[in-house]
1. May I ask you to sort A:S238, B:S149 by Cβ crowding, counting other Cβ atoms within 10 Å and putting the fewest first?
2. Mind listing the long-range amide H neighbours of A:I154? Cut-off is under 5 Å, sequence gap 5 or more, other chains count too, H placed in the peptide plane at 1.01 Å from N.
3. Taking the simple approach of a point 7 Å from Cα along Cα-to-Cβ for both A:K106 and B:L27, what is their distance in nm?
4. What distance in nm separates the simple spin-label points at B:W400 and B:V385, each placed 7 Å from Cα in the Cβ direction?
5. Connecting C-alpha atoms closer than 10 Å in a GNM of chain A, tell me which of A:D242, A:D93, A:D72 has the biggest fluctuation.
6. Using amide H atoms built 1.01 Å from N in the peptide plane, name the residues 5+ places from B:K58, or on other chains, whose amide H lies under 5 Å from its own.
7. Give me a comma-separated list of calculated 3J(HN,Hα) values for the range A:245-258, in order, Karplus coefficients 6.51, -1.76, 1.60 applied at θ = phi - 60°, integers in Hz, x for any Gly or Pro.
8. List the residues of the range A:157-173 whose backbone N lies under 20 Å from a point placed 7 Å from the Cα of A:E121 along the Cα-to-Cβ direction.
Amino acid sequence: MNILEVQHLRKFYATQKAVDDISFTLAPGSIFGLLGPNGAGKTTLIRMITGIFFPDSGTINFNGKKFDPENDIAQIGYMPEERGLYKKMKIGDQALYLARLKGLSKTEAMEKVKEWFVRFEMQSWWNKKVEDLSKGMGQKLQFVTTVLHEPKLIILDEPFSGLDPVNSNLIKDEIFRLAKKGSSIIFSTHRMEQVEEICDHIILMNKGQKILDGTVHQVKQQFKENLFAIGLDNIPESIASDAFDVIGRENDQLVLKIREGYTPNNVLQYFLQQQTGIHAFHEILPSLSDIFIKLVEGTPLSRQFQTIKA
Amino acid sequence: MNKTALVIQREYLVRVKKKSFVWTTILVPIVIVGFYAAMIAIGVSGGGESSKIGVIDKANLFEGKADKASGDKAEYVFINNETPESFKEKYVKEGYNYFLYIPPFDINKKTDSITLYSQSTISIAQKSRIEKTINKAIEIKRLQSANISPEQYRSIKSEVSVENITGKEEKKGVAGVAAAVSFALGMLIYVVLLIYGTMVMRGVMEEKISRVAEVVVSSVKPFQLMLGKIIGIGAVGLTQFAIWIALIIGLNLIIPIVMPDLATQLTGQEVPSGSSGVIVEIASGLKTLPMGLIIFCFIFYFLGGYLLYASLFAAVGSVVSDDQQDAQQLILPIMMPIVLGIVIMSKAIAEPNSGLAVFGSLFPLTSPVVMMGRIMFDIPVYELVISMVLLVLTFLFLTWLTAKIYRTGILLYGKKVTWKEMMKWAFRKS
């Protein structure tokens, strides 16, 4: 059973179609990348999933039942892009407070907070105030408060911003660990290398619409341009074949684009006939970054305001 | 535990644990009681200036011995071998504070030729005491010349004071005291509304600017958050009042022990000077006021007014972004009815049953302040009931309305919101 099923979700503002007919599903334990340029409607979509906004139309099913914000939000942990903590409140009290708002009892909350503080080596922070923390430390605290009630659905908006590599890895490991324990994670970011590393499944939004949906592997296959790299012992003077075009050359390596109707076998055949030694041959798949840019490029950099007729 | 209760708890504890809360809570009553004690001290020691007055009495008014009026503690020394011109030059050097010159005059006619020389301007109280002493001497002279003995005079002299009986129960009206207490309570409500109202606004702004709101509203409904904040801060206010009342009562009990003189002079009948008499009058006046009703109404109107205005302040707090100036602009329309309330209240104290006063005490935006100004003056019960019902209904309506503004505003960033837009949010269907 899917933890989250979103069908034809719509939310229009006075001057923007913030979310326009978005559907997707999220399996338990999966890590889901929600991508899109600034202003694509990601935050609005997330706010509908977290029950902060009501959709204009469409349905959200949570854990097999119709989404009931009142009760289901206890099963959701949301870490917004802009960090939000009470600056003047003691860190221990703050973590307890946020945990109890999620419905944990006082003793449960205390237990969980202590457990996580030990895991993240934050015990000495207990009586400090948030204003005493650095940005990265605040980030860790925010992450802890987001996940400590062990929600079924965790939504992380740019969780790594401001973190050094060591702490990034710490959080990354926690994300994997939580996913393994059965939590589903929606991961919203602009940092494509992290998406490739972490996510199983992605959707790409632009201008409120879904323009791409699939696993990372599927997406890469979909956008591959039949590019291959071949490493040769010595590169022949002239290369001419019907099977491919040479589009790049670097030291002893060539980048080839295979023409329609031919396969990598044809390429290898050609070079074998040339009697040169081949020491590497692999496919070049587009990075998500390239796909992102390709899909989003050409649309205006920032969304224009428009009048919406409801 | 209920989430609203959790929010209330946090809002309350965070504020009560602050150092500034502890300080204001302790210092304010000390300042008030200190002020009150100083007033009494000054009152009791009235005429305490034991100044030395050199008198050249050419009219032989005092016949060499000053029969001082009550409260006049000055020492009158009669100078015989000096002229006013010569003495004027040296009275300070010879150790006198003042020099009083009484030229010869017709005792049965009004005179303004009596002069008092001093280094610096003499206090009004001191001047009036000296005038009383002189008047007394003149009166005795006039009685003598009319052949009336002082005993006869005392039996002739009339000292009527009119007693004002108000209402059916024939209560003694103590207009002066009632007016003062009314004004003080009205002002207190006004100040308290502003202080706690802006406290709510700043709390909301803090949550919005630090983006805590977004985290918290993914756990609780915005309405719960707003309500929790308003109730939590209201509870802080009530706690502060309770502590103040306890401290004031405590200090009032302690003062007689620490300063026994003061207390006996306050309660005792042998009050030496006129000004202490006033304090006794105030004390007895206070006793006649309906204290139970006053305390009940004060708490009711504080809570009603606070809830009403706090929701408005919360709405304003939710729509402004980091810009303090935007907040100022939006607060103005909220402040105006409160200020108007103070204006109407001062009128209402003078004429508690005028049309304006009645309107002001019924209209929910001004009633918390204005009603405090009328409450002492035995207003009809139905007016009080209507005023209270209207207040409750209005605050319920405004809370419902502002909650909608709050819900939208709290998550909206970077945009300057106008009143028109706020109205649109408030009245659209959810």
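1. Numbers: A:S238 4, B:S149 10.
So the residues, fewest neighbours to most, are A:S238, B:S149.
2. Under 5 Å from the amide H of A:I154: A:G77, A:S184, A:I185, A:I186.
3. It works out to 3.3 nm between the two label points.
4. 2.4
5. Highest fluctuation among the options: A:D242.
6. B:I102
7. 10, 8, 10, x, 8, 8, 6, 9, 10, 10, 10, 10, 10, 7
8. A:160-173
None of the figures in this text is laboratory data; all of them are computed from the coordinates on show. Every value quoted in this text rests on a predicted model; they were computed, and no experiment measured them. Backbone-built Cβ (ideal geometry, glycine too); neighbour counts: all protein chains shown.
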